[in-house]
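For reference, the structure is listed below as C-alpha cells.
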Amino acid sequence: MAWFWICLCCYLAGSIPFGLLLGYLVRGIDIRKHGSGNIGATNVGRILGHRWFWVVFALDALKGMIPTACLPWLFQDQLSVEIYPHAQVVAALLTIVGHMFPCWLGFSGGKGVATALGSTLVIAPQAGLISLGAFGIVYALWRIVSLGSLAASLTFVFAEFAMLWPSPFSSSNWSRGLISLVVPMLIIIRHRSNIERLLKSQEQGTKNSLSETSTESGTKD
C-alpha cells in the first residue's frame, strides 16, 4: 500500500495545473487559448507578465520537490533502508509525469522542466544544481527558455552519470541511473515543437516577449 499511495499522491500533486489556475485567477483567461497554449511558466510569463513566470516556476518546482521529499518519508516505516532511495526516485518520476500528463486536462500538460528541477534537487542535488547552472548560462547568452531547458536536460544526464560512475545501474543506483535517462528524454520529447522552431531560427526569446506583454498589459498584472 505504501507504493500505491506514494505513486498516486505524487502523480496528483504533480498534476496540479498552477499555470492554468493562475490564468483564471489573475486575468480570468484560459491560458491554453493564448500564446503557445502551454500551461507552463514560460507561456504564463508571456501572457500575464514576467512576475507570473517566476510565481508559476516556483510553484511547479515546489510541487516536484515537496512530494518527492515528503511522501516516501511518511511511509518510511513500510520501506526498507535499501528500498527508500528508490521510492524517492519513483516519487520524483510520478510528479514529473503528473505535470506533463495531468488527468484533469486530458493528459495534456506542461513540459516538466520546473517540476523536474524540484524533484531532482531532492534525489540528485549535485546534478540538479549543475543542470540549473547550465540553464542559467544558456539562457543568459540567448534568452531562450526552451534552449536553456534542453541544455539543462542533457547536462543532467552527463552530470548524474558522472556522479554514479562507475556503476550507474548497480543495485543501489539503478533507479537514479534510469531516471537520469527517462526524464531528460521526456522533456526533449515535450520540446519537439520548440526544437523544430530552433532549427528554423524561429524560436522566440523571452526578453522581447515578456517586455512586450508587460507593456501591453499595463496595470492588469
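Using C-alpha pairs below 8 Å separated by at least 6 residues, the relative contact order for the range 76-203 is 22 percent. Across the alpha-carbon set of the range 21-66, the Rg to Rh ratio works out to 0.96, Rh being the Kirkwood radius. Rounded to whole Å, the principal axis extents of the Cα atoms in the chain read 55, 34, 25, largest first. By a 1.4 Å probe calculation restricted to protein chains, E196 has an accessible surface near 110 Å², given to the nearest 10.
In terms of the ratio Rg/(2.2 N^0.38 Å) built on C-alpha atoms, what value belongs to the range 38-101?
Expressed relative to 2.2 N^0.38 Å, the Cα Rg reads 1.41.
Translational diffusion coefficient, Stokes-Einstein: compute it for the range 129-173 using the Kirkwood radius over C-alpha pairs as Rh, at 20 °C and 1.002 mPa s, and state it as an integer in µm² s⁻¹. For these conditions, the coefficient is 193 µm²/s.
For the chain, the longest principal axis of the alpha carbon atoms and the long axis of helix 145-164 meet at an angle near 10°.
Between S80, S175, S153, the Gaussian network model of the chain with springs among Cα atoms under 10 angstrom shows the greatest mean-square fluctuation at S80. Extent of the range 67-146 along its three principal axes (Cα atoms, max minus min coordinate, largest first): 47, 34, 14 Å. Heavy-atom accessible area with a 1.4 Å probe sorts R27, R32, largest first, into R32, R27.
Highest mobility in the GNM of the chain, judged by mean-square fluctuation with C-alpha springs under 10 Å and restricted to K111, K63, K200, is found for K200. Using the 1.4 Å probe convention, the accessible area of the range 124-197 works out to 51 Å² per residue with neighbouring protein chains retained.
Share of pairwise Cα-Cα distances greater than 14 Å in the range 69-110 is 52 percent (whole percent).
Placing +1 on the Cβ of every Lys and Arg and -1 on the Cβ of every Asp and Glu, with nothing else charged, gives the chain a dipole about its Cα centre of roughly 580 debye. GNM on the chain, alpha-carbon springs under 10 angstrom: the most fluctuating residue among A114, A162, A61 is A162. Entry note, the chain: the mean residue ellipticity at 222 nm calculated from DSSP H runs of n ≥ 4, each adding -39500 (n - 2.57), is -23500 deg cm²/dmol after division by the residues and rounding to the nearest 500.
On a 0 to 90 degree scale, rounded to 10, what angle separates helix 125-142 from the longest Cα axis of the chain? Approximately 20 degrees, to the nearest ten. When you restrict to C-alpha pairs under 8 Å that are six or more residues apart and normalise by the size of the range 1-146, the relative contact order lands at 28 percent.
The values are calculated or read from the model by the stated rules, or taken from the named source; none is laboratory data. The model shown is predicted, which means the values in this text are computed figures rather than measured ones. Here Cβ is always computed from backbone atoms with ideal geometry, including for glycine, and neighbour counts include all displayed protein chains. Each accessible area value is taken on the protein alone, full model and side chains, heavy atoms only, with ligands, DNA and RNA left out. Shrake-Rupley method; radii C 1.70, N 1.55, O 1.52, S 1.80 Å.
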